[in-house]
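Chemist: Supplied in structure tokens, the structure appears directly below.
Values quoted throughout were computed directly from the atomic coordinates according to the rules given, and no laboratory measurement underlies them. Computed from a predicted structure; not experimentally measured. Here the Cβ positions follow ideal geometry from the backbone for every residue, glycine too, while neighbour counts run over all protein chains shown.
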Amino acid sequence: MMQRLGVRPCGWTLSGGGFDHGAGHGLSGRPVEGGLRALANIPWVLQPAANPTRAVLEAAFHEAGLPMPRNQVESVSVFAILHLLQSSEAVALLPLSVVADHLKGGLLTKLDVEGLPAVPGFGILTRRGETLGPRAEHFLALLRRRNAERS
């Protein structure tokens with residue numbers, strides 16, 4: 001059985017330093033003209049193909065009639081992705097909850113890119129007909145309460 005949790009917003013993030021643009025990237029501070037087309041030829045840091053965020057990104061490029069960027073690095077580590085973003089001009093699609101502190105500290109910049117679909121919501125999967133233990137039930141109650149607070 002699956003119980004859906006809410007959709008979490010995602011944001012485009014760029015490095016805010018480490019190159020000649022100073023405190024921000026050349027694409028930051030205004031809507032990105034041309035949407036994904038403007039981002040197709042710059043470096044990307046991607047999550048693995050099985051990641052839901054990656055699937056949304058691939059679908060967005062496909063719907064725009066664009067191939068996935070060729071200049072890309074793939075990493076399963078969020079820490080490695082954040083480091084690469086801070087030390088290069090690469091871009092990545094990451095949840096705002098992951099980059100909030102980096103945005104607040106000026107280490108990354110959020111890009112305003114129109115037309116990107118939302119990342120599908122996450123859910124809770126349990127086996128049909130099986131009873132959960134008290135600790136698992138308590139954990140699920142915490143998840144549900146936290147999700148309700150965010151809605």
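Chemist: Convex hull over the Cα atoms of region 42-142, averaged projected area in nm²?
Modeler: Details: hull surface 35.7 nm².
Over all viewing directions, region 42-142 projects a mean Cα-hull area of 8.9 nm².
Chemist: For Phe79, Phe61, which order do you get if you count the other beta carbons within 10 Å of each Cβ and list the fewest first?
Modeler: On the way: Phe79 8, Phe61 17.
By the 10 Å Cβ count, ascending, the order reads Phe79, Phe61.
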